[in-house]
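Okay, structure first, notes after.
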Amino acid sequence: MKSLPADVQAVLFDLDGTLLDSAADLYAALQIYCDEVGAAAPPYDVVREVVSRGGRAILRCAFAEDDEALLVRMPRYLDIYAGIMAQHTRPFDGIEPLLAAIEARDLRWGIVTNKPGFLTEELIKRMDWDLRASAVVCGDTLPVKKPDPAPVLLACERAGVEPARCLFVGDDRRDVQAGRDAGLYTVAVRWGYLDGGNPDEWGADAVFDHPRQLAELLSLEVTA
């Protein structure tokens, strides 16, 4: 595990699979969509694994089609999901105490996600995070998404922090790549969806099983 940068200013997080366990609602939306079009819904475990890759990957679990065909299906699927996206979605165990501890140390935290803005903004409002996050960069904020480092760099700019003094935390290889290329300290987490990958092979500066380990790395005092 690589040593932390001196005087950490902020921690940036991926959203789905890192801060939030949103798979149940994403899967429920797929089930509803499949019912509407007369298709068989795939098993939950198959869908859960690819959640971090976004809507097309989720739809591809049920429809063996090219990207063009999946993009035609996407608006209706996202419309269904928008209506139910906070029914079962919750922060992963240990996330809320971690965020509170970050704030108690006067550090900043933010979100960099490939999720579209209209979904991200509503979801973080429902989580009561909209006034707490110092920066939120969504999948359509810029012309590029993770693993491009530009969204991570924009989040640092919006939060008013230096990339070299920040951490980026995610459950997907693309998170590690984006954070590393942006010059941040990178943390891969095993509690997320992982996209069938092994976090130990992604080249992250640290790999953790639970948010409390991130708190320990930052010497934060966490209260349950």
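The values are calculated or read from the model by the stated rules, or taken from the named source; none is laboratory data. All figures in this text were calculated on a predicted structure; none of them were measured in a lab. Cβ: placed from backbone, ideal geometry, glycine included. Neighbour counts: every protein chain shown. Just so you know, the surface numbers come from the protein's heavy atoms only, side chains and all, with ligands and any DNA or RNA stripped out. Shrake-Rupley method; radii C 1.70, N 1.55, O 1.52, S 1.80 Å.
Label separation (ALA40 vs ASP66): 2.6 nm, computed from points 7 Å beyond Cα along the C-beta direction. Each Lys and Arg contributes +1 and each Asp and Glu -1, all at the Cβ; summed about the Cα centre of the chain, the dipole is approximately 220 debye. Protein-only accessible surface at a 1.4 angstrom probe places the residues TRP202, TRP191 in the order TRP191, TRP202, largest first.
Pairs of Cα atoms under 8 Å, at least six residues apart: use those to get the relative contact order of region 122-182, whole percent. List each step's numbers first, then the result.
Values: 54 pairs, mean separation 19.8, N = 61.
Dividing the mean separation by the residue count of region 122-182 yields 33 percent.
Heavy-atom accessible area with a 1.4 Å probe sorts MET85, MET74, largest first, into MET74, MET85. For the chain, the longest principal axis of the Cα atoms and the long axis of helix 117-126 meet at an angle of about 70 degrees.
Is the shape of region 1-109 rounded, prolate or oblate, going by the alpha carbon gyration tensor and its root eigenvalues a ≥ b ≥ c, with a/c under 1.5 for rounded and a/b larger than b/c for prolate? Don't jump to the answer; show the numbers that get you there.
On the way: a/c = 2.94, a/b = 2.30, b/c = 1.28.
It comes out prolate by the Cα gyration axes.
Using a probe radius of 1.4 angstrom, the carbon and sulfur fraction of the accessible surface of the chain is 47%. Protein heavy-atom accessible surface, 1.4 Å probe, per residue over region 22-84: 48 Å². Dividing the convex hull volume of the alpha-carbon atoms in the chain by its residue count gives 114 Å³ per residue. Region 162-224 and region 88-135 have Cα centres lying 16 Å from one another.
Rolled with a 1.4 Å probe across the full set of protein chains, the surface gives PHE118 an accessible area near 120 Å². Accessible surface for LEU26 stands near 10 Å², nearest 10, in the context of the full protein assembly shown (1.4 Å probe).
Ordering ASP128, ASP171 by how much accessible area each has at a 1.4 Å probe, largest first, what is the list?
On the way: ASP128 110, ASP171 0 Å².
Order by accessible area, largest first: ASP128, ASP171.
Heavy atoms of the protein chains alone define the surface here; on that basis region 109-166 has 44 Å² accessible area per residue at 1.4 Å probe size. Shape analysis of region 104-224 places it in the rounded category; the axes a ≥ b ≥ c from the Cα gyration tensor give an a/c below 1.5.
By per-residue mean of other Cβ atoms within 10 Å, what is the highest-first order of 60-67, 141-148? Walk me through the intermediate numbers first.
Values: 60-67: 14.8, 141-148: 16.5.
Packing proxy ranking, top to bottom: 141-148, 60-67.
Taking the chain as a Gaussian network of alpha-carbon nodes connected by springs under 10 Å, the highest mean-square fluctuation of the residues ALA40, ALA82, ALA150 belongs to ALA40.
Looking at the square roots a ≥ b ≥ c of the eigenvalues of the Cα gyration tensor of region 22-84, which shape do they give, rounded for a/c under 1.5, prolate if a/b is larger than b/c, or oblate?
Here region 22-84 falls in the rounded category.
Put +1 on the Cβ of each Lys and Arg and -1 on the Cβ of each Asp and Glu in region 103-148; which of VAL112, ALA133, LEU123 then has its Cα farthest toward the positive end of the dipole? The listed residue farthest towards the positive side: VAL112.
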